[in-house]
Every structure is written in structure tokens, then in C-alpha cells.
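Taken together, the values in this text are just the output of simple stated rules run on the coordinates, not laboratory data. Model, not experiment: these values are computed from the prediction. With ideal geometry, Cβ positions are generated from the backbone for all residues, glycine too; neighbour counts draw on all protein chains shown.
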Amino acid sequence: MAEQVKVALIPGDGIGPEVVSEARRLLAHVRTLGGPVVQTTTFDLSADRYLRTGETLPDAEFEQLRDGFDAILLGALGDPRVPDHAHARDIVLGLRTRLDLYINLRPIRLLHPAHGALKGDPAIDMVVFRENTEGLYTGIGGQFKRGTADEVAIEAELNTRKGVQRIIEAAFDFAATHGRRRVTLADKSNAMRHGHDLWQRVFAEVAAGYPGIEASHLYVDALVMEMVRDPSALDVIVTNNLFGDIITDLGAQLQGGMGLAASANLHPGRPGLFEPVHGSAPALVGTGSANPLAAHLSVAMMMRQVGFPTVADAIESAVATCLAEGHTTPELGGTLSTSEVTDHLLSSL
């Protein structure tokens with residue numbers, strides 16, 4: 001009997017249900033590529049549910065996601081009816097922190113030069129390891145005298161040796177096992193001398209254990225300039241939560257836009273959370289113009305993570321074929337609908 005993989009689907013908000021529906025079609029197809037039989041279960045974690053019941057990520061459903069699945073695919077979260085993003089924050093950050101998915105893995109690869117943001121035909125193939133559970137996104141801080149002329153707001157950055165060491169080790173391990181030549185640390189240690197001094201010291205300690213890999217450092221402002229000036233000089237980047245968030249959005253534009261940006265949130269030995277990072281895009285809902293390719297690339301990352309790298313390669317190749325042949329949604333210059341793009345992708349496969 002073919003190996004079975006259990007995947008939890010969280011369609012979410014906005015165009016999330018539309019792209020997850022297309023990803024489900026792809027997941028049903030991977031068996032024909034030598035992949036697993038994929039069993040999917042859908043969870044209603046969305047703004048609609050939050051507005052109806054006040055629930056975000058109930059304990060019982062979290063435990064199901066934690067214990068009952070090999071991977072989770074999230075479509076998108078965010079709804080203008082929830083202006084404080086309470087449900088999105090509880091669900092996304094809740095899954096990341098409660099599952100301790102400390103690796104946010106973001107490949108930045110230009111699959112077709114016609115869709116890149118830079119002139120010429122630059123070689124863009126880098127991978128960002130963003131620390132996913134600490135930094136400035138922990139919510140540590142507070143406000144004093146809120147709403148007055150004397151208001152004080154403090155946001156604290158959390159850096160632990162354990163957290164810093166394991167993300168840096170993950171970056172070097174990836175480089176070593178995937179034939180990558182260089183790991184670059186991006187920080188702001190010249191200005192943030194306490195927390196980022198810790199990053200500097202741990203980076204040097206970990207790098208010493210990988211003598212065959214070049215270890216380099218750039219302040220984050222210099223790094224984003226280098227991403228535009230000479231992206232071919234960058235290979236594996238490791239950085240903190242906030243800087244990684246910003247770096248990867250720039251990277252998405254370099255590779256063709258948010259409609260091609262896939263991500264994985266990982267902790268080895270635990271179910272990973274895979275997510276196209278284009279957001280919920282409320283203006284596109286129901287228009288049939290949502291780009292499903294980031295969701296399909298996220299499925300490729302999922303297949304690679306659960307042990308089917310040849311399936312992942314085939315999906316990425318099919319996405320590249322769609323781009324080369326112009327089988328895309330309008331924001332990439334094509335004329336196809338969301339489902340028609342998937343039709344062509346499946347045909348390529």
C-alpha cells in the first residue's frame with residue numbers, strides 16, 4: 001500500500017479558501033507522481049468563525065492539529081472586519097509558538113527571468129532562515145499613560161541562546177546538506193549591542209563547526225542593498241524574526257511577487273505549517289484572479305519535508321513551465337483564472 005500523508009487544511013480568510021481549493025487538487029494528484037496518498041481534513045479557523053463564536057484556536061482543535069497530522073496547509077488570514085487582527089494573530093502565532101515552529105523557511109528563487117523585479121537576468125537563488133518564535137514578535141512590553149501627551153510604549157526584543165543557536169544551526173545544517181556555499185548572518189549589532197551581540201557570538205561558535213562553509217556577516221540594511229545590487233552573492237541567510245519578515249518580502253518581489261512566495265514553518269519531528277504568504281487580499285475575493293502558484297509551491301515544500309523530494313521537484317518544474325508559457329493570472333501578465341492556472345499546472349505534471 002502506498003504511504004499515506006495526513007494534511008490539515010486551514011483555508012482561512014479572503015482568497016485563502018480559493019487557493020487552498022486549488023492546492024487540494026494538486027495534493028490529490030501527487031500520487032500519480034510517485035508521491036503519497038494524501039488524506040486531507042479541513043478546519044474552519046477563520047474570521048467568519050471568530051465573529052460568529054469568538055473562538056480563534058480552541059485547545060481541542062490545536063491538539064488535533066498537533067497530534068493527528070503530518071503537515072498543515074494554511075491559505076491566508078486577515079479580514080477587515082477584525083481590524084485588530086486578533087484571530088489571525090492567535091491562529092498564526094499560536095500555531096508557531098505552541099508547536100514551537102522555530103524555523104521560518106523562505107526560498108527566494110527566480111523561476112523565470114521575465115517575472116523578476118531587477119533588470120537583466122540576475123541569478124536569484126537564496127534561502128532565508130528566519131527565527132520564528134522570539135525577537136520583537138513575542139508581545140513583551142506595555143503602554144503607560146495611554147492616550148495622553150505623556151504616553152510611553154515599550155516593545156521588547158527577546159533573544160535566548162537556545163533560540164538563536166538552533167536557528168543558526170538549522171541554517172548551517174541546510175547549507176551542508178544542500179551543497180550551499182555560504183551562510184550570512186543579518187543583524188544590527190552595531191546599534192542593538194546586547195541582543196545582537198549574542199547572535200554574533202553564537203554565529204561564530206556554530207560556524208567553527210562547519211569549516212567547509214563560508215560564514216559571513218552583513219548589517220541588515222547592507223544586506224537588503226546587496227539583495228538588489230548583486231543577489232547572486234547571497235546563498236543562505238539567517239536572521240531574527242523582524243528582519244526576516246522584511247527581507248523575505250523584498251525577496252518575494254525579486255522572484256516575481258507575493259503570488260509566487262511560499263513558506264514553511266518547521267520544527268524537525270513535528271508537523272510543519274506551510275503557507276503561501278500573499279495574504280488574504282480581500283479585493284480579489286470572488287474575482288477568479290487569485291494566483292494559486294504560491295500555494296502550489298508551498299505544497300512542493302510540504303512534499304519535500306515529508307520525504308518526497310522528487311515530487312517537490314516536479315511541482316516546482318511545473319510552476320516554472322506555467323511561468324515560461326504565460327499560463328498565469330493577470331498580475332503576472334496572463335489571462336487565466338485561478339482554476340485555469342491549476343489546470344495547466346496539472347497538465348504539465
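If you build the Cα gyration tensor of region 198-312 and take the root of 5 times each eigenvalue, what three semi-axes come out, in whole angstrom, biggest first? Write down the numbers at each step before the final one.
Details: eigenvalues 168, 79, 34 Å².
Three semi-axes, in Å: 29, 20, 13.
Residue order for 126, 303, fewest other beta carbons within 10 angstrom first, comes to 126, 303.
Roughly how far apart, in whole Å, are the Cα centres of region 21-36 and region 201-247? Between the Cα centres of region 21-36 and region 201-247 lies a distance of 35 Å. Here region 40-76 and region 279-306 have alpha carbon centers that stand 18 Å from each other. Rounded to the nearest angstrom and listed largest first, the equivalent-ellipsoid semi-axes of region 1-150 from its Cα gyration tensor are 31, 25, 16. Put the Cα centre of region 152-168 next to the Cα centre of region 315-349 and the gap is 40 Å.
Let a ≥ b ≥ c be the square roots of the eigenvalues of the Cα gyration tensor of region 195-250; is it rounded (a/c under 1.5), or, if not, prolate (a/b larger than b/c) or oblate?
Numbers: a/c = 2.30, a/b = 1.35, b/c = 1.71.
Here region 195-250 falls in the oblate category.
Loop only per DSSP, at most 15 neighbouring Cβ atoms within 10 Å: give me the trypsin sites (Lys or Arg not before Pro) in region 106-202, ordered by residue number.
Answer in residue order: 119, 145, 146, 181, 193.
Taking amide H as placed 1.01 Å from N in the peptide plane, residue 138 has its amide H under 5 Å from the amide H of 158, each at least 5 places away in sequence or on another chain.
Couplings for region 264-280, taken from phi via the Karplus curve 6.51 cos²θ - 1.76 cosθ + 1.60 with θ = phi - 60°, read 9, 10, 10, 9, x, x, 10, x, x, 10, 10, 7, x, 9, 6, x, 7 Hz in order; Gly and Pro are left as x.
Using only alpha-carbon positions, what ratio does the radius of gyration of region 117-254 give when scaled by 2.2 N^0.38 Å?
On the way: Rg = 16.7 Å, N = 138, 2.2 N^0.38 = 14.3 Å.
Normalised Cα radius of gyration, region 117-254: 1.16.
Summing +1 for each Lys or Arg and -1 for each Asp or Glu among the other residues whose beta-carbon sits under 11 angstrom from that of residue 219 gives -2. In summary, the lysines within cross-link reach of residue 162, defined as a Cα separation below 20 angstrom excluding same-chain residues under 8 places away, comprise 188. For the chain, there are no membrane-span-like helices by this rule, meaning no whole DSSP H stretch whose C-alpha atoms cover at least 30 Å of axis and whose Kyte-Doolittle mean is -1.0 or above; this says nothing about an actual membrane. Proximity of backbone amide H atoms, modeled 1.01 Å from N, is registered between residue 102 and 266 at under 5 Å, excluding neighbours fewer than 5 places apart on the same chain. Please report 202, 228 as a ranked list, fewest other C-beta atoms within 10 angstrom at the top and most at the bottom. Result, fewest neighbours first: 228, 202. One equal scatterer on each Cα of the chain, no solvent, Debye formula: the resulting log10 I(q)/I(0) at q = 0.10, 0.11, 0.13 Å⁻¹ is -0.62, -0.75, -1.06. Each Cα pair under 8 Å and six or more residues apart adds its separation to the average, and for the chain the resulting relative contact order is 22 percent.
Which percentage, to the nearest 5, of the DSSP beta bridges contained in the chain is antiparallel? It would help to have the intermediate numbers written out before the result.
Details: 17 of 45 bridges.
Here the share of antiparallel DSSP bridges comes out near 40 percent.
The smallest convex shape that holds all Cα atoms of region 240-293, its convex hull, gives 110 Å³ per residue.
By the count of neighbouring beta-carbon atoms within 10 Å, fewest first, 103, 315 end up ordered 103, 315. Helix-only arithmetic for the chain: the sum of -39500 (n - 2.57) across DSSP H runs with n ≥ 4, divided by the residue total, places the mean residue ellipticity at 222 nm at -11500 deg cm²/dmol. When you count the other C-beta atoms within 10 angstrom of each residue and take the mean per peptide, 235-241, 54-60, 74-80 line up highest first as 235-241, 74-80, 54-60.
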